1. Looking at 127, 138, 121, 100, which one is surrounded by 24 or more Cβ atoms within 10 Å (Cβ to Cβ), touching a residue at least 24 places away in the same chain (Cβ under 8 Å) and in contact with an Asp or Glu (Cβ under 7 Å, 6 or more places away or on another chain)?
2. Determine whether residue 25 is within 30 Å of residue 307 (Cβ to Cβ) and either charged (D, E, K, R) or loosely packed, with under 15 Cβ neighbours inside 10 Å (or both).
3. Residue 72 is checked against (1) away from the ligand (no atom under 16 Å from the Cβ); (2) under 17 Å from the mean Cα position of the chain (by Cα); (3) among the basic types (Lys, Arg) and fails just one. What number does that condition carry?
4. Can you confirm whether residue 131 is within 14 Å of the ligand (Cβ to nearest atom) and at negative phi?
5. Looking at (1) in a loop (DSSP other than H, G, I, E, B); (2) surrounded by fewer than 24 Cβ atoms within 10 Å (Cβ to Cβ); (3) within 16 Å of the ligand (Cβ to nearest atom); (4) small (Gly, Ala, Ser), find the lone condition where residue 213 falls short.
6. Within segment 219-237, can you find the residues that are away from the ligand (no atom under 16 Å from the Cβ) and at pLDDT 95 or above?
7. Can you find, within segment 300-324, the residue that is surrounded by the fewest Cβ atoms within 10 Å (Cβ to Cβ) among those that are in contact with a strand residue (DSSP E or B) (Cβ under 8 Å, 6 or more places away or on another chain) and assigned to a loop (DSSP other than H, G, I, E, B)?
Amino acid sequence: IQKIAVLTSGGDSPGMNAAIRAVVRCCFYHKVDCVGVYRGLQGLIDADFTPLGPRSVKNIINQGGTFLKSARSEDFRTKQGREKAYKNLKEATIDALVAIGGDGTFTGCKIFNEEFNFPIIGIPGTIDNDINGTDYTIGYDTALNTVVEAIDKIRDTANSHNRLFLVEVMGRNAGDIALNAGIGAGAEEILIPEEDLGKDRLIASLKRSKEAGKSSSIVVVSEGDQIGKNILGLAEYIKENLQEYEVKVTVLGHIQRGGAPSCYDRVLASRLGVAAVDALMEGKRDAMIGIRHGKEIVVPIVEALKGKNEIDLKLIRVADITSL
Ligand code: F6P
């Protein structure tokens with residue numbers, strides 16, 4: 001392998017820049033050329049390439065987003081688009097690819113590898129923490145801290161006005177952000193897609209906390225939760241069935257994807273970036289680098305695409321007990 005391309009694809013996440021930096025510098029370490037691809041898989045089709053050296057990635061370890069930009073490419077879903085991408089890679093004499101992204105990115109990479117036998121290593125970069133085969137994805141820790149900081153602020157108003165706040169957080173179909181940020185922010189209830197609490201149990205529980213002397217409440221709602229999917233409808237239902245509180249809704253939205261990466265995410269991104277290039281140099285391909293029990297591991301891409309990593313449901317008990 002003499003030339004490796006790197007791209008970021010799908011939803012951006014804090015720490016992607018740190019991962020690119022690690023890939024570029026590990027290529028330099030191995031005396032291999034490195035090329036950046038703009039706008040993810042779409043950039044392969046448009047041959048939007050730029051040479052990258054160790055100094056091209058200076059001062060970015062602390063920056064959120066991705067300087068290579070990202071996109072969700074529709075063209076890459078077509079055979080024609082992927083053929084064009086392969087032709088462009090060959091013309092640019094690129095031998096292998098490091099793709100930083102989530103399951104959409106990995107699905108595209110798997111199909112591409114099957115069609116053209118092109119060496120690819122994936123790095124999990126998404127705030128959702130929903131990739132099988134890795135305990136953590138890059139950006140998840142920063143998103144948790146962002147959510148906790150936001151809820152801390154909401155708590156001030158909830159407490160001052162005796163209100164109940166429903167706070168919607170991202171995560172697509174995964175409740176990891178909701179469950180962990182909910183515990184960290186001391187939420188009364190946490191609604192996640194992995195466990196169906198049901199509206200009535202929610203009302204009963206909120207009534208109990210009111211009777212136990214609580215004057216305000218925070219309910220963290222994962223965007224993928226069945227009853228939380230219509231958060232305004234849920235707020236109306238609570239208003240009708242629980243007169244004790246004034247109910248407010250806050251949707252945190254894309255603030256969860258931005259901001260400077262936490263130290264944990266910077267270190268994780270650096271480790272996975274180095275391990276990805278090392279893996280390619282050792283002849284590995286069609287795999288993802290994950291982190292398991294604190295160690296970098298190489299996971300076949302098909303494994304990474306087998307559903308999501310399991311949420312630790314014991315945390316629900318912790319949430320229930322600590323919110324008594
Ligand atoms: O996958 C990351 C994520 O932020 C999800 O949590 C969310 O559902 C989705 O992306 C939002 O996507 P977009 O930025 O395209 O609206």
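1. Working: 127 fails: in contact with an Asp or Glu (Cβ under 7 Å, 6 or more places away or on another chain); 121 fails: in contact with an Asp or Glu (Cβ under 7 Å, 6 or more places away or on another chain); 100 fails: in contact with an Asp or Glu (Cβ under 7 Å, 6 or more places away or on another chain).
One residue alone meets the criteria, 138.
2. For residue 25, the condition - within 30 Å of residue 307 (Cβ to Cβ) and either charged (D, E, K, R) or loosely packed, with under 15 Cβ neighbours inside 10 Å (or both) - is not met.
3. (1)
4. yes
5. So residue 213 meets the others, but not (3).
6. Result: 219, 232, 233, 234, 235, 236, 237.
7. Among those residues, the one meeting the criterion is 313.
The values are calculated or read from the model by the stated rules, or taken from the named source; none is laboratory data. Everything numeric here is computed off the predicted structure, so don't read it as measured data. FYI the Cβ positions are ideal-geometry reconstructions off the backbone, even for glycines, and counts take in every protein chain you see.
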